[in-house]
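Peer 1: I'd like to ask you about the structure that follows.
The values are calculated or read from the model by the stated rules, or taken from the named source; none is laboratory data. Values in this document were obtained by computation on a predicted structure and should not be read as measured data. Here the Cβ positions follow ideal geometry from the backbone for every residue, glycine too, while neighbour counts run over all protein chains shown.
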Amino acid sequence: MSLLTLAVGTIFSSTDTVCTLQVLHQDETPLLYSIVFGEGVVNDATSVVLFNAVQKLDVTRLDGKNALHIVGDFLYLFTASTGLGVIAGLLTSFCLKTLCFGRHSSVREIALMVLMAYLSYMLAELLELSGILTVFFCGILMSHYAWHNVTESSRITTRHVFAMMSFVAETFIFLYVGMDALDIEKWKMTKLSFGTLIGIYSTLLMLILVGRAAFVFPLSAFSNYINRRADRTSTITLKHQVVIWWAGLMRGAVSIALAFKQFTYSGVTTDPVSATMITNTIIVVLFSTLVFGFLTKPLIHWLLPHSAANGQQPREGKMPKEDMTVPLLSLEESAATNLLRAKDSLSMLIERPVHTIHSYWRKFDDAYMRPIFGGPSHISSAC
């Protein structure tokens, strides 16, 4: 087994579950939604951490010691990156709560949040950690604490600023992928026949399908065995397992970014093998996004007709006023619609704890963390 083989495995381990989440309905399938949502939250960051850990592996001596070494590197990168993001988020929250920048200018509050998030990413890269994992956990802590320590005008502005930055970055990624797919030189550089290329693409897609199934179904069966004495809501049915398997078939921008990092130097390569791997990655991403993404909605309609139908029904009842407790909402729809969607997405994981560990965390958070770092019920009166 070579370093190249392991690198390819980590490149295609990154999934994109957004398409499935848009079709699922949390109220109808809370367990399924939480599993897909939870995987989507940490999958990309974990893939990057695993990719970085593989780069440090000595493939000339593959033994048990090296296997433990790569596991240790992965755990170190994951833990250190997470810790750095948590520290940056808590520090930002504490500064906003105690210094009360909003009394003087909302610009200072917004600048502190943006710059601290960027600083956490740059510091992680400087320390050779995972910047994406660090800034992810920094954002979680900021949304949980810092968001409630700023003025209402700062919340509105910050929401729109980050939404704009997200939209621009996403658009740039799609443009980059599309333009690179039309880079004729890379396709000519492969020096392989059309039939050989089709065989490679088909093999990669088949490995993705089989590899995904190889751990989704056994792990689901193991989970059902562990929870066999629990209520039926904890059981992952066969239909749910198929949806989980399907949700992880799509590949996204992270796979392309890792492929360029592995097989190019500053985005340029003259090696036919590297060019072949880059074109393979582009084809897999485009095919999985277009074909699997297009088939996601019909598949879920067929497997979970009741959930899919409810997911399409407009929500009725009172429309809430503009709520600043949920940050970073999309700009494409009304504030009320976005609020309902965002709260539905996070309510089961944050606001409706059903397991013991969640209830313990909520008690600890309310008693010790929020009085220090801020929260919806602990806004500093001095500000």
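Peer 1: For the range 268-286, which positions are crowded, with 17+ Cβ neighbours inside 10 Å and either in contact with a strand residue (DSSP E or B) (Cβ under 7 Å, 6 or more places away or on another chain) or assigned to a helix (DSSP H, G or I) (or both)? Talk me through it step by step, then tell me what you get.
Peer 2: Pass one, the range 268-286, residues crowded, with 17+ Cβ neighbours inside 10 Å: 269, 274-285.
Residues satisfying the conditions are S274, A275, T276, M277, I278, T279, N280, T281, I282, I283, V284, V285.
Peer 1: Find all pairs meeting these conditions: Cβ atoms under 6 angstrom apart; at least six residues apart or on different chains; first residue within the range 360-371 and within 17 Å of A146 (Cβ to Cβ); second residue not basic (K, R) and not in a helix (DSSP H, G or I).
Peer 2: The qualifying pairs are R370/H378; P371/H378.
Peer 1: Of the residues in the range 47-93, how many are within 30 Å of I372 (Cα to Cα) and among the polar types (S, T, N, Q)?
Peer 2: Summing the residues that are within 30 Å of I372 (Cα to Cα) and among the polar types (S, T, N, Q) in the range 47-93 gives 5.
Peer 1: Would you be able to say whether some residue in the range 99-117 is under 26 Å from T281 (Cβ atoms) and of a type outside the set (D, E, K, R)? Give the steps one after another, and end with the answer.
Peer 2: Step one: filter the range 99-117 for residues under 26 Å from T281 (Cβ atoms), giving none.
No, that holds for no residue.
Peer 1: Taking D231 as the residue in question, decide whether it is modelled with pLDDT under 85 and more than 26 Å from L4 (Cβ to Cβ).
Peer 2: On the way: modelled with pLDDT under 85: yes; more than 26 Å from L4 (Cβ to Cβ): yes.
Yes, satisfied.
Peer 1: If you check K239, K191, which single one turns out to be of a type in the set (D, E, K, R) and at pLDDT below 85? Talk me through it step by step, then tell me what you get.
Peer 2: Values: K239 fails: at pLDDT below 85.
After ruling out the rest, the residue left standing is K191.
Peer 1: Would you confirm whether or not the range 116-131 contains a residue that is in contact (Cβ under 8 Å) with a residue 12 or more places away in the chain, outside any helix (DSSP H, G or I), crowded, with 17+ Cβ neighbours inside 10 Å and in contact with a helix residue (DSSP H, G or I) (Cβ under 6 Å, 6 or more places away or on another chain)?
Peer 2: Yes, the range 116-131 contains a residue that is in contact (Cβ under 8 Å) with a residue 12 or more places away in the chain, outside any helix (DSSP H, G or I), crowded, with 17+ Cβ neighbours inside 10 Å and in contact with a helix residue (DSSP H, G or I) (Cβ under 6 Å, 6 or more places away or on another chain).
Peer 1: Further question: Among the residues that make up the range 1-12, is at least one of them surrounded by 21 or more Cβ atoms within 10 Å (Cβ to Cβ), at pLDDT 85 or above, outside any helix (DSSP H, G or I) and in contact with a helix residue (DSSP H, G or I) (Cβ under 9 Å, 6 or more places away or on another chain)?
Peer 2: yes
Peer 1: Taking the condition of a type in the set (G, A, S) and either modelled with pLDDT of 85 or more or crowded, with 20+ Cβ neighbours inside 10 Å (or both), does A309 pass?
Peer 2: Working: of a type in the set (G, A, S): yes; either modelled with pLDDT of 85 or more or crowded, with 20+ Cβ neighbours inside 10 Å (or both): no.
No.
Peer 1: If you don't mind, another one. Across the range 56-76, which residue is surrounded by the most Cβ atoms within 10 Å (Cβ to Cβ) among those that are within 21 Å of L126 (Cβ to Cβ) and at pLDDT 80 or above? Steps first, answer last, please.
Peer 2: Kept after step one, since they are within 21 Å of L126 (Cβ to Cβ), are these residues of the range 56-76: 56, 73-76.
So of that shortlist, the ones also at pLDDT 80 or above come out as 73-76.
Working: D73: 18, F74: 16, L75: 12, Y76: 13.
Filtering the range 56-76 for residues that are within 21 Å of L126 (Cβ to Cβ) and at pLDDT 80 or above, the one surrounded by the most Cβ atoms within 10 Å (Cβ to Cβ) comes out as D73.
Peer 1: Right, here's the next one. Restrict the check to the range 253-267 and report whether at least one residue is in a helix (DSSP H, G or I), crowded, with 16+ Cβ neighbours inside 10 Å, at pLDDT 85 or above and of a type in the set (D, E, K, R).
Peer 2: Within the range 253-267, the first condition is being in a helix (DSSP H, G or I), and the residues that meet it are 253-263.
Add one more test, that the residue is crowded, with 16+ Cβ neighbours inside 10 Å, and what stays is 253-263.
Then keep just the ones that are at pLDDT 85 or above; that gives 254-263.
With the extra rule that they be of a type in the set (D, E, K, R), the set shrinks to 261.
Yes.
Peer 1: Before we move on, is A221 farther than 27 Å from G199 by Cβ, at pLDDT 90 or above and over 20 Å from the mean Cα position of the chain (by Cα)? Before you say what the answer is, go through the steps one by one.
Peer 2: Numbers: farther than 27 Å from G199 by Cβ: yes; at pLDDT 90 or above: yes; over 20 Å from the mean Cα position of the chain (by Cα): yes.
Yes: the conditions hold for A221.
Quick grid of which residues meet (1) part of a helix (DSSP H, G or I); (2) under 19 Å from F137 (Cβ atoms); (3) among the polar types (S, T, N, Q); (4) within 17 Å of the chain's Cα centre (by Cα):
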position	(1), (2), (3), (4)
Q22	yes, no, yes, yes
D27	no, no, no, no
S34	yes, yes, yes, yes
T46	yes, yes, yes, yes
V49	yes, yes, no, yes
R61	no, no, no, no
K65	yes, no, no, no
H69	yes, no, no, no
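Peer 1: Shifting gears a bit: Enumerate the helices (runs of 4 or more DSSP H) found wholly within the range 138-233, keeping only those where 3 or more residues are closer than 24 Å to V41 by Cβ and free of Cβ contacts under 8 Å to residues at least 40 places away in the same chain.
Peer 2: Working: elements: 152-181, 184-189, 194-226.
Helices (runs of 4 or more DSSP H) meeting the threshold: 152-181, 194-226.
Peer 1: Restricting attention to the range 86-108, does a residue exist that is closer than 23 Å to A253 by Cα, under 19 Å from the mean Cα position of the chain (by Cα) and not polar (S, T, N, Q)? Explain how you work it out, then say what you get.
Peer 2: Going through the range 86-108, the residues closer than 23 Å to A253 by Cα turn out to be none.
The answer is no; no qualifying residue exists.
Peer 1: If you go through the range 234-252, how many residues are touching a Phe, Trp or Tyr at 6+ places or on another chain (Cβ under 8 Å) and in a helix (DSSP H, G or I)?
Peer 2: Just the residues of the range 234-252 that are touching a Phe, Trp or Tyr at 6+ places or on another chain (Cβ under 8 Å), to begin with: 241, 245-246, 249-251.
Those still in the list that are in a helix (DSSP H, G or I) too: 241, 245-246.
Final tally of qualifying residues: 3.
Peer 1: Let me ask another. Check off (1) loosely packed, with under 15 Cβ neighbours inside 10 Å; (2) within 30 Å of W302 (Cβ to Cβ); (3) not small (G, A, S) for H160 and give me the number that stays unchecked.
Peer 2: Unmet condition: (2).
Peer 1: I would also like to ask the following. Do we have L6 as out of contact with any Asp or Glu (no Cβ under 8 Å at 6 or more places or on another chain) and farther than 18 Å from F263 by Cα here? Give the derivation first.
Peer 2: Values: out of contact with any Asp or Glu (no Cβ under 8 Å at 6 or more places or on another chain): yes; farther than 18 Å from F263 by Cα: no.
No: the conditions fail for L6.
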